[in-house]
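Here is the structure we will look at.
The values are calculated or read from the model by the stated rules, or taken from the named source; none is laboratory data. Here the structure is a predicted model, which is why all the values come from computation and not from measurement. In this analysis, Cβ positions are derived from the backbone assuming ideal geometry, glycine residues included, and neighbour counts consider all displayed protein chains.
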Amino acid sequence: MGVNAVEIIVIGGGIGGLTAALALAQGGHRVQVLERAARFAQPGPALRLAPNATAVLSLLGLLDHVLDLGSRPRRALLRELGSGAELAELDLGAPLTARYGTPYVVIGRADLLSVLADGCTDADVELRPGRAAIAVDQSRQASSVMGGAVVSCAGGRVYAGDVVLAADGARSVARGLVGRGAPSGEGWAAYRGAVSADALAPDEARDEVVAWMGPDAHFTRYPIRIGEAYEQVAVFRSHQYPLVQPSPLGPLAGAASPGGTGQGRADTGSGQEWGGPDELAEAFSLAAAPVRAAVRSLRRKRCLRMIDRAPLASWTNGRIALLGDAVHPMPGYLAQGACQAIEDAAALADVLRDCPGPRGVQDALAGYQARRAARAIRVARARQVWESAPQARRAPDDYAASDWLYAPQQGRLASGFGVRSAAFGCHARRVIVGRGRGTQPFGMIILLT
């Protein structure tokens with residue numbers, strides 16, 4: 001390690017944790033990653049990586065590997081849920097890549113985790129699977145005995161570092177040390193699954209991200225591997241939720257997954273639940289024929305209940321910093337959870353690059369929050385930007401409403417990407433197709449990001 005290098009413990013070997021570990025190791029720091037699971041390449045839904053994320057992966061030397069394993073959709077298409085009529089489109093091909101510098105890519109979660117883990121190994125990151133972190137201690141006593149902040153794991157293992165980065169999801173073991181936020185929800189539920197190309201109708205394009213939108217439901221399909229496999233997601237508002245959900249101040253039932261989405265039964269103690277298969281069928285009963293057929297093919301045994309947490313006001317405490325869903329869970333419909341965690345990782349690498357050793361850690365981490373908090377909160381609340389009257393249809397290569405989100409972020413890690421348009425600092429144009437009850441919008445932001 002260099003004279004200014006610090007010892008860093010990363011809790012959580014997901015997208016954000018591994019990206020941070022790799023970026024920090026490439027900056028000369030010694031990094032260990034503690035992952036609860038027995039292996040790092042855990043399966044899960046495919047990820048849509050917009051240029052704000054692929055720019056970082058490119059600078060880490062991983063983009064070619066990602067492109068080898070992922071797919072590059074030709075366009076994103078928005079359709080009306082009931083009629084199937086085309087409402088809007090965005091070109092995801094060469095014009096988008098030319099504007100932002102890197103492409104829009106869809107890749108399997110396990111594939112991206114594998115690429116990141118291989119990169120970490122090459123950078124001498126110490127990957128430690130089967131380490132379930134249960135406590136973080138940065139008290140004066142712990143620091144004097146262990147020489148830094150201490151992470152305790154189930155089974156008695158203990159690790160110490162100058163910095164602890166918690167990337168372990170919305171129920172992070174370190175979240176309580178930085179701030180607290182009660183879970184909330186509006187009764188949105190989701191079912192998802194992958195299908196082969198054979199499941200698509202002959203007249204359906206194989207290289208598009210398509211969303212059918214309605215006021216209380218939407219259905220999205222996107223290619224994991226063009227011509228081979230496709231991810232499908234049905235999201236709807238449960239009409240049972242207000243009837244069975246306890247007081248808004250009470251706890252929400254169901255386990256929270258990374259990103260703040262509950263899974264399994266939402267039981268109130270009376271045996272009732274919301275978001276079940278019957279409600280799924282009802283929500284899409286009047287949808288266009290391709291959507292009704294696709295909904296029938298979804299797995300019914302696992303309902304994802306969307307439980308939100310507001311971004312924390314503080315991201316750091318002493319030697320501890322949170323990233324990704326641990327500090328700013330993203331709405332599921334934005335497809336920006338992984339992208340924003342990757343941006344966090346790049347920002348952490350930047351602020352710690354010039355850290356003058358362990359004594360400068362707290363100031364460096366404060367700089368991380370200053371750099372990232374406002375943007376992450378804006379993305380988490382992006383739905384509010386589109387809550388207005390519909391706009392005239394734009395050309396497929398008009399990216400004015402996407403510039404603020406897709407443009408690579410400033411910083412030395414991202415210094416290799418120049419901004420391709422003077423419009424990147426402008427406010428997004430407002431686009432909405434329709435709204436149901438509450439604050440959930442249905443517009444281009446859901447489909448395209």
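Of all residues in the stretch 62-94, those being over 21 Å from the mean Cα position of the chain (by Cα), in contact (Cβ under 8 Å) with a residue 12 or more places away in the chain and part of a loop (DSSP other than H, G, I, E, B) number 6.
For Gly214, state whether it is over 19 Å from the mean Cα position of the chain (by Cα) and farther than 26 Å from Ala23 by Cα.
Details: over 19 Å from the mean Cα position of the chain (by Cα): yes; farther than 26 Å from Ala23 by Cα: yes.
Criteria met by Gly214.
Looking only at the stretch 279-292, residues that are part of a helix (DSSP H, G or I), of a type in the set (A, V, I, L, M) and over 13 Å from Thr220 (Cα atoms) come to 4 in all.
Note on the stretch 63-84: residues that are over 23 Å from Met213 (Cα atoms) and of a type in the set (Gly, Ala, Ser) total 2. Taking residues in the stretch 299-319 that are modelled with pLDDT under 85 and crowded, with 16+ Cβ neighbours inside 10 Å, and partners anywhere that are of a type in the set (Asp, Glu) and outside any loop (DSSP other than H, G, I, E, B), the pairs with Cβ atoms closer than 9 Å and at least 6 places apart or on different chains are Arg309/Asp325. Scanning the stretch 90-114 for residues that are surrounded by 23 or more Cβ atoms within 10 Å (Cβ to Cβ) and either polar (S, T, N, Q) or over 30 Å from Gly13 (Cβ atoms) (or both) yields Leu90, Leu96, Thr102. Got a number for residues in the stretch 116-138 being crowded, with 22+ Cβ neighbours inside 10 Å and either closer than 23 Å to Gln26 by Cα or small (Gly, Ala, Ser) (or both)? Going through the stretch 116-138 one residue at a time, the tally reaches 6. The residues of the stretch 172-200 that are surrounded by fewer than 21 Cβ atoms within 10 Å (Cβ to Cβ), at pLDDT below 85 and assigned to a loop (DSSP other than H, G, I, E, B), listed by number, are Gly179, Arg180, Gly181, Ala182, Pro183, Glu186. When the helices (runs of 4 or more DSSP H) confined to the stretch 336-449 are screened for residues that are modelled with pLDDT of 85 or more, within 21 Å of His218 (Cβ to Cβ) and of a type in the set (A, V, I, L, M), those reaching at least 1 such residues are found at 337-353, 361-380, 403-406. Scanning the stretch 139-159 for residues that are part of a loop (DSSP other than H, G, I, E, B) and either touching a helix residue (DSSP H, G or I) at 6+ places or on another chain (Cβ under 8 Å) or crowded, with 19+ Cβ neighbours inside 10 Å (or both) yields a count of 1.
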